[in-house]
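Asks: I'd like to ask some things about the structure below.
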Amino acid sequence: MLKINAYINFKDNKCAEAMTFYHGLLGGELSLMPVKDSPMKDMFPAEAQQGILHADLTGSDFSLLATDMPDATIDAQIGAVSLTLTCANKAEVQQKFDKLAEGGKVVHPIMTFFAGTMGNVIDKFGIRWGIFTEEK
């Protein structure tokens, strides 16, 4: 089965904090592998040892992967990526929206439109989210 997973490269060693926050929001199982505890630790300088080499948050219907390691191939000119959280109903949209908006920025308030109900936020870690339900 083909599956696409989101992989986030965090700045300023925010991976553990962000992924713990998302774990509280989404549930699932969270695993964090610090550089210093990895088999690859000798490949990284001392200042990288406290960072997260790989994080994995997996639920029944999602996988969110992340790291603190920089990626020199990321091109800011390509454009932003947004994660979309599909909820069961409007109440869940409101709850998830409010939590993601804490310390972040509301881009589009929750609104009902032809396909359902949706709002957009940039969370406190700089990640763009669309929160959606088909319920109108």
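Asks: So, of the residues in the range 4-50 that are part of a helix (DSSP H, G or I) and hydroxyl-bearing (Ser, Thr, Tyr), which turns out to be nearest to Ser82 (Cα to Cα)?
Replies: Here the residue is Tyr22.
Asks: Any idea how many residues of the range 89-124 are on the phi > 0 side of the Ramachandran plot and part of a strand (DSSP E or B)?
Replies: Of the residues in the range 89-124, 1 are on the phi > 0 side of the Ramachandran plot and part of a strand (DSSP E or B).
Asks: Looking at the range 83-103 only, could you name the residues that are under 12 Å from Thr133 (Cα atoms), under 15 Å from the mean Cα position of the chain (by Cα) and of a type in the set (A, V, I, L, M, F, W, C)?
Replies: Leu85, Phe97
Asks: Follow-up question, since we're still on this one. Which one is modelled with the lowest pLDDT among residues in the range 60-88 that are surrounded by 13 or more Cβ atoms within 10 Å (Cβ to Cβ) and either at positive phi or in a loop (DSSP other than H, G, I, E, B) (or both)?
Replies: Met69
The values are calculated or read from the model by the stated rules, or taken from the named source; none is laboratory data. Since we're looking at a predicted model, the values are computed, not measured. For neighbour counting, all protein chains shown are included, and Cβ atoms are generated from backbone atoms with ideal geometry for every residue, glycine included.
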